[in-house]
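Below is one structure, written out as structure tokens, with a few remarks after it.
The values are calculated or read from the model by the stated rules, or taken from the named source; none is laboratory data. Since the model is a prediction, treat every value here as computed from it, not as a measurement. As a convention, Cβ positions derive from the backbone with ideal geometry for all residues, glycine included, and neighbour counts pool all protein chains shown. Protein only, heavy atoms only, side chains kept; ligands, DNA and RNA dropped before computing areas. Shrake-Rupley method; radii C 1.70, N 1.55, O 1.52, S 1.80 Å.
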Amino acid sequence: MRAPANILNLLLLSLLAGLDPSKTQISPKEGWQVYSSAQDPDGRCICTVVAPEQNLCSRDAKSRQLRQLLEKVQNMSQSIEVLNLRTQRDFQYVLKMETQMKGLKAKFRQIEDDRKTLMTKHFQELKEKMDELLPLIPVLEQYKTDAKLITQFKEEIRNLSTVLTGIQEEIGAYDYDELHQRVLSLETRLRDCMKKLTCGKLMKITGPITVKISGTRFGAWMTDPLASEKNNRVWYMDSYTNNKIVREYKSIADFVSGAESRTYNLPFKWAGTNHVVYNGSLYFNKYQSNIIIKYSFDTGRVLAQRSLEYAGFHNVYPYTWGGFSDIDLMADEIGLWAVYATNQNAGNIVISQLNQDSLEVLKSWSTGYPKRSAGESFMICGTLYVTNSHLTGAKVYYSYSTKTSTYEYTDIPFHNQYFHISMLDYNARDRALYAWNNGHQVLFNVTLFHVIKTEDDT
């Protein structure tokens, strides 16, 4: 191998060629001079130089050139040494490849000598080796895929660790019991704040949320607004006439799954879909009459019944959709109400507050809104809200406050998703509107404007 020596010669010649031509003929008084150069049998470069006289200043330009030259030679020596090692390694690799090539050449000669017998055998051996290697291809592909996946996992774990570390640093000062107590304290404060909320004014209706699809186009479903938080019973009354069966479910989940807990057979058929469950009893309009019935679920008996004086019934003053919806019973934060129309009030809506035990009318308010022009209505905090239609495009169009005995026209839209509403009632506990929308039992959320009571309020 002569490559290192040849390269050294070239590098030295290049280095010398890089000097200023005017400085190549250097006398002993001026600086170093290359006297002769040769190559030994091992390929090493041998140079004979003439040293300058020793009385020259070491800091002159010639000395600086000499130092630069020596530094370059040292750098080149190191580079050549590295190159020599690489060349030796490459040479060994070439020798190995040469041996392999000779072996292959011998095999090909052997194949040429006896094509008929050996060719098949050798090609079969090659095929078997290829067959052994083929299964490695999907393994390698899977390895690359797994490697990428592991990299992703490592990145996700790193991110997760960062998040967890941040959370740990944020809440590290508290143990579980302390955090639990803080949550309970916050819940108590929120409940206290809720108790200070006065009755609110309806601002917005959102939804609906479809809870279930069942029954006919018309019906009613409801929960008790005065029930405890653990009591989530649902009552279901299908159709607006010719029915006396009330189905009870222990929870919304049971209602959705159809798991009935009890069935009640009422003593009278009901009229319309505007019933209400209040404080454990069902209030409904007796079929073909203006009589209100109070029925106890606990005892299975009628506790009270009373006629609403002058109230129209049996489709005399129904809502726009008909269905014997003349008398609408409802409840809110204040109590029990009946909404209906009379001839004395020219078919316009009358609002009456009822005694929940005796069904006696405590007070009535006569409005100027025609009952037959109303789609549905509901009470929130003593204010009656009336929709202008039961069909698509319906909105809350009119409201009447029993507190101030005043009315106003409103514009609060809501989404009539299934095109036909036959029941719409407010539940004060859930702060939601229960609706029967063309065979769909749905819920609407309501947004109320509240005023917080202070201790100075009476």
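In whole percent, how big is the carbon plus sulfur part of the accessible area of the range 215-307, probe 1.4 Å, protein atoms only? Don't skip to the end; give the middle numbers.
On the way: 1770 of 4060 Å².
Carbon and sulfur atoms account for 44 percent of the accessible area of the range 215-307.
For the range 404-420, just list the computed ³J(HN,Hα) in residue order, Karplus coefficients 6.51, -1.76 and 1.60, θ = phi - 60°, integers in Hz, with x standing in for Gly and Pro.
Ordered by residue, 3J(HN,Hα) equals 10, 6, 10, 10, 8, 8, 10, 8, 10, x, 8, 8, 8, 5, 10, 6, 8 Hz.
Can you list residues whose amide H is under 5 Å from ALA341's amide H, if they're 5+ apart or on another chain and H is modeled 1.01 Å from N?
Residues meeting the amide H criterion: GLY312, VAL350.
Amide H neighbours of LYS269 under 5 Å, counting only residues 5+ apart in sequence or on other chains, H built in-plane at 1.01 Å?
TYR287
Averaged per residue, what accessible surface does the range 364-456 expose to a 1.4 Å probe, in Å²? Present the calculation step by step, with values, prior to reporting the outcome.
Details: 3910 Å² over 93 residues.
Ligands and nucleic acids excluded, the result is 42 Å² per residue.
Beta carbons within 10 angstrom, averaged per residue: use that to sort the peptides 289-301, 326-338, highest first.
Working: 289-301: 16.8, 326-338: 22.5.
For the peptides 289-301, 326-338, the packing ranking is 326-338, 289-301.
With a ≥ b ≥ c taken as the square roots of the eigenvalues of the C-alpha gyration tensor of the range 295-431, please select rounded if a/c is under 1.5 and otherwise prolate if a/b is larger than b/c or oblate if it is not? Let's see the in-between values first.
Working: a/c = 1.42, a/b = 1.32, b/c = 1.07.
Since a/c stays below 1.5, the shape of the range 295-431 is classed as rounded.
So, counting K/R as plus one and D/E as minus one, what does the shell of residues with Cβ under 15 Å around LYS395 add up to? Numbers along the way, then the final one.
On the way: positive: LYS204; negative: GLU376, GLU408, ASP411.
Overall, the nearby charge balance is -2.
Karplus couplings for the range 425-434 from phi (6.51 cos²θ - 1.76 cosθ + 1.60, θ = phi - 60°), rounded to Hz, Gly and Pro as x?
Computed from phi, the couplings for the range 425-434 are 9, 8, 10, 5, 5, 8, 6, 8, 9, 8 Hz.
Using a probe of 1.4 angstrom, how much of the accessible area of the range 326-458 is carbon and sulfur, in percent?
49
Take the residue pairs LYS230/LYS250; LYS286/LYS371; LYS201/LYS250; LYS201/LYS395; LYS294/LYS363 and return only those whose Cα atoms are more than 21 Å apart. Please list the in-between numbers first.
Working: LYS230/LYS250 10 Å; LYS286/LYS371 19 Å; LYS201/LYS250 32 Å; LYS201/LYS395 16 Å; LYS294/LYS363 19 Å.
Result: LYS201/LYS250 exceed 21 Å.
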